[in-house]
Amino acid sequence: MKKSLVVTGLGALLIVVASGVVHAQKTATSSNRKKVIYVAAGGATYKQMPTEKASMAVLWGDPDKGVHGTFTKFEPGFDAGMHTHTSDVWIVGIKGAYLYKDETGEKRVGPGDFLRVPGGHKHWSGG
């Protein structure tokens, strides 16, 4: 009796996994799949942010509504103060330096450097 329940359970698991794979394949071939995004930093259109020492070019998403990607320029002396973000922030330095501080110390993110700040992590940043 136990063997037949185990075999039946494994059979049901295989059916669930197989139907998941078929669904994933159908989703991947539908018109709703994500598109490749390419934007050259030099060709992006920047808009002044409410703070006078920063400007932003939106690459995807909507910064006012949720998750998004942007190129952001900070002028020398920019100070964002201590703050957090709702979602993770991924930063890649392109030119100049992004300054970051938290309870573990300071980091200077320069051209080609990467920094990921988890959502909810309190930190200071500036340019």
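All of the numbers you see were taken from the coordinates with simple rules; none came from a lab. As the structure is a computational prediction, the values presented were derived from the model and not from experiment. Methodologically, a virtual Cβ is constructed for each residue, glycine included, from the backbone with ideal geometry; neighbour enumeration extends over all protein chains shown.
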Problem set entry | Ala80 versus Arg108: modelled label distance in nm, points set 7 Å from Cα along the beta carbon direction | 1.9
Seminar exercise, completed: The local net charge around Ile94, scoring Lys/Arg +1 and Asp/Glu -1 for residues other than Ile94 whose Cβ lies under 13 Å from its Cβ, equals +1
For this session: Among DSSP beta bridges lying fully in segment 49-127, give the percent that are antiparallel, nearest 5.
Result: 95
Exercise. Given the pairs Lys65/Lys95; Lys53/Lys95; Lys95/Lys122; Lys34/Lys73, which are separated by over 21 angstrom at their Cα positions?
Worked result: Lys65/Lys95; Lys95/Lys122; Lys34/Lys73
Exercise. How much length, in nm to one decimal, is gained on full extension between Glu52 and Arg33, taken as 0.36 nm per residue of separation minus their Cα-Cα distance?
Worked result: 3.1 nm
